[in-house]
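The values are calculated or read from the model by the stated rules, or taken from the named source; none is laboratory data. Given the structure is predicted, the values throughout are model-derived calculations rather than measurements. Here the Cβ is made from the backbone with ideal geometry for all residues, glycine too, and neighbour counts use every protein chain on show.
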């Protein structure tokens, strides 16, 4: 075997080894780079839609999910809760939801797509406090005998009915916000997306 042939063989092995090492290094560098292109958990929380299963929510129960760093309430209203909305219509400042605080499909007395489910941001429109649920009617609620159920902001006393509509002469200037949302199935809601974008 000649010296030239040995050198070619050594060069070839070195070339193959160097190429393999370079390929491994390229993959090792590419994987974190590609992974960095997917949204982080923080980015998802900042604005990504949130899928919610409401199938186990009993009538009269409310759950809270987070969307864009805000609490979003999903209340499954009972027939009695829905009937209370007729009683409060004359007492709230924006009964027909004329102000733009909800998508067009929630501009109704229920402020929802399906009357049974209220989806609203749980932040008072006065100074950003979080209202408390006061679902029980009458004196048992601590709100007085005429109370039909709703929400009370403990900071400055703003009251909202069970559709998130603010009562007249309250510190809060507007109803609770209804975020964009849609139903993926009968019991699955996606908050933050409504297909109109």
Residue under question is residue 129, and the condition is that it be assigned to a loop (DSSP other than H, G, I, E, B) and either closer than 17 Å to residue 64 by Cβ or not assigned by TED's automatic domain parsing to the domain that holds residue 86 (or both); does it hold? yes
Number of the condition not met by residue 100 [criteria: (1) in contact with a helix residue (DSSP H, G or I) (Cβ under 9 Å, 6 or more places away or on another chain); (2) closer than 14 Å to residue 178 by Cβ]: (1)
Could you say whether any residue in region 178-196 is surrounded by 15 or more Cβ atoms within 10 Å (Cβ to Cβ), at pLDDT below 90 and either within 23 Å of residue 76 (Cβ to Cβ) or assigned by TED's automatic domain parsing to the domain that holds residue 66 (or both)? yes
Report whether or not residue 151 is outside any loop (DSSP other than H, G, I, E, B), closer than 30 Å to residue 55 by Cβ and within 20 Å of the chain's Cα centre (by Cα). yes
Here the residues within region 152-177 that are exposed (fewer than 13 other Cβ atoms within 10 Å of the Cβ) and under 22 Å from residue 82 (Cβ atoms) are 168
Report whether or not residue 109 is in contact (Cβ under 8 Å) with a residue 24 or more places away in the chain, assigned by TED's automatic domain parsing to the domain that holds residue 78, part of a loop (DSSP other than H, G, I, E, B) and over 20 Å from residue 195 (Cβ atoms). yes
Residue 100, sole failed condition from (1) without any contact (Cβ under 8 Å) to a residue 60 or more places away in the chain; (2) closer than 23 Å to residue 67 by Cβ; (3) in contact with a strand residue (DSSP E or B) (Cβ under 8 Å, 6 or more places away or on another chain); (4) in a loop (DSSP other than H, G, I, E, B): (3)
